[in-house]
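Each remark here refers to the structure printed beneath this line.
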Amino acid sequence: MSTCIQLSHRSEHMRSISSPGAASSHIEFMRKANTVVSVLVDVALGILLMSWLYRDEHVAALASALVPAADRVATELEQLLQWLMGAPAGLKMNRALDQVLGRFFLYHIHLWISYIHLLSPSVEQILWYGGLSAGLGLTFALSLLSDMVALLTFHIYCFYVYGARLYCMKVYGLSSLWRLFRGKKWNVLRQRVDSCSYDLDQLFIGMLLFTILLFLLPTTALYYLVFTLLRLVVVLFQGVLHLSVDFINSFPLFALGQRICQPYRLAGTPPPPLNWDYTHPNRLWTGCPTLQGSGLGPNRQPEPPDLKPSEQAAGKLKQTRKT
């Protein structure tokens, strides 16, 4: 579940932050600083969300809107199944299989509606206690929301699994019977296709089964396609939530602030150069920003750089010309 995964990530972050040893390199220091800033921002956003939830009875409003939304989704699914049990888009389906599959899925929807109405009195309490997870950070609230979406759309997941399993069984049976017509079979021990001779009765039964599965395949494929699209919508919504959680956990806020305010402190960025006046080797330009906090007092002159002999001769020549 997303909440357990986020809890493990947060425990790793806290272990890296609370490590007693100092950072051994600049990269490790930047990684630890980015983790600290991301955790602080995450907790601040979570507290803002929690303050909004528990103000003006927003939790009660969400709870009162959640159950009707679930009923509306179930009603739309019932209408979709009724459409599939007829002649969807003018397609001629196998009526017997269509009715069996439609009633099977309708029964599951009725069970789901009963389950939602059974939980409706405690929905507000679940949301009230779930909102407290925002105190640990916005990522915990988003992870909990992803888990709640997974629970509320569990019937769609079941429909997708049923349709996918039935469709895979049909495709596997057709591929096996197609090898029978070609005089082939699948060797399980050697994991390859070998030649095989079949008698007339086997070929006749295989032809009947192949014809039945082939004519039933469009009905199964239509149900599989519809429920796959529904499952894809749920997965995309959960993917947006997981992407938001990963963005908050891994966005380098501290490095971005350093890049904007003090870019010379980042690894790979050289500091501003020291402007030496070669005519006066003991004089350094006082406007250099790297002198701040370097321990150089007003009465203390920095040591001149190591000049090359040619540069020393050029400086002495300039001094003699001035005199």
task: State whether one or more residues within region 72-88 are assigned to a helix (DSSP H, G or I), closer than 30 Å to A255 by Cα, in contact with a helix residue (DSSP H, G or I) (Cβ under 7 Å, 6 or more places away or on another chain) and in contact (Cβ under 8 Å) with a residue 60 or more places away in the chain.
output: no
message: Checking the structure you have, find out if any residue of region 49-68 is under 25 Å from G257 (Cβ atoms), under 30 Å from the mean Cα position of the chain (by Cα) and not basic (K, R).
response: yes
- request: Please indicate, with yes or no, whether at least one residue in region 48-68 is modelled with pLDDT of 90 or more and either within 23 Å of S143 (Cβ to Cβ) or not in a helix (DSSP H, G or I) (or both).
  value: yes
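Results for (1) surrounded by 14 or more Cβ atoms within 10 Å (Cβ to Cβ); (2) of a type in the set (D, E, K, R); (3) modelled with pLDDT under 85; (4) under 30 Å from S38 (Cα atoms), shown as yes or no for each residue.
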position: L80; (1), (2), (3), (4): yes, no, no, no
position: G86; (1), (2), (3), (4): no, no, yes, no
position: Q99; (1), (2), (3), (4): no, no, no, no
position: R103; (1), (2), (3), (4): no, yes, no, no
position: S114; (1), (2), (3), (4): no, no, no, no
position: H117; (1), (2), (3), (4): no, no, yes, no
position: S143; (1), (2), (3), (4): yes, no, no, yes
position: S146; (1), (2), (3), (4): yes, no, no, yes
position: C158; (1), (2), (3), (4): yes, no, no, no
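Considering each of Y115, Y107, Y172, Y157 in turn, give the residue that is in contact (Cβ under 8 Å) with a residue 12 or more places away in the chain, more than 21 Å from H58 (Cα to Cα) and not in a loop (DSSP other than H, G, I, E, B).
Numbers: Y115 fails: in contact (Cβ under 8 Å) with a residue 12 or more places away in the chain; Y107 fails: in contact (Cβ under 8 Å) with a residue 12 or more places away in the chain; Y172 fails: in contact (Cβ under 8 Å) with a residue 12 or more places away in the chain.
Going through Y115, Y107, Y172, Y157 in turn, just one is in contact (Cβ under 8 Å) with a residue 12 or more places away in the chain, more than 21 Å from H58 (Cα to Cα) and not in a loop (DSSP other than H, G, I, E, B): Y157.
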message: When you check G163 against the structure, is it surrounded by 14 or more Cβ atoms within 10 Å (Cβ to Cβ), in a helix (DSSP H, G or I), small (G, A, S) and at pLDDT 90 or above, yes or no?
response: yes
task: Would you please name the residue that is surrounded by the most Cβ atoms within 10 Å (Cβ to Cβ), looking only at residues in region 53-78 that are closer than 19 Å to L152 by Cα and not hydrophobic (A, V, I, L, M, F, W, C)?
output: E78
message: Out of V188, V193, I need the residue that is in contact with a strand residue (DSSP E or B) (Cβ under 6 Å, 6 or more places away or on another chain) and either at pLDDT below 90 or closer than 30 Å to I116 by Cα (or both). Which one?
response: V193
- request: For Q191, state whether it is on the phi > 0 side of the Ramachandran plot and surrounded by fewer than 15 Cβ atoms within 10 Å (Cβ to Cβ).
  value: yes
message: Considering only region 201-216, I want to know if a residue exists there that is in a loop (DSSP other than H, G, I, E, B) and modelled with pLDDT under 85.
response: no
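To keep it simple, each residue is scored yes or no on (1) more than 31 Å from the chain's Cα centre (by Cα); (2) modelled with pLDDT under 70; (3) surrounded by 14 or more Cβ atoms within 10 Å (Cβ to Cβ); (4) part of a helix (DSSP H, G or I).
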{"residue": "L243", "(1), (2), (3), (4)": "no, no, no, yes"}
{"residue": "F247", "(1), (2), (3), (4)": "no, no, no, yes"}
{"residue": "L256", "(1), (2), (3), (4)": "no, no, no, yes"}
{"residue": "A267", "(1), (2), (3), (4)": "no, yes, no, no"}
{"residue": "P273", "(1), (2), (3), (4)": "yes, yes, no, no"}
{"residue": "Y278", "(1), (2), (3), (4)": "yes, yes, yes, no"}
{"residue": "N282", "(1), (2), (3), (4)": "yes, yes, no, no"}
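The values are calculated or read from the model by the stated rules, or taken from the named source; none is laboratory data. A quick note: this is a predicted structure, and the numbers were derived from the prediction, not measured. Neighbour counts are summed over all protein chains in view; Cβ atoms, including those assigned to glycine, are modelled from backbone coordinates with ideal geometry.
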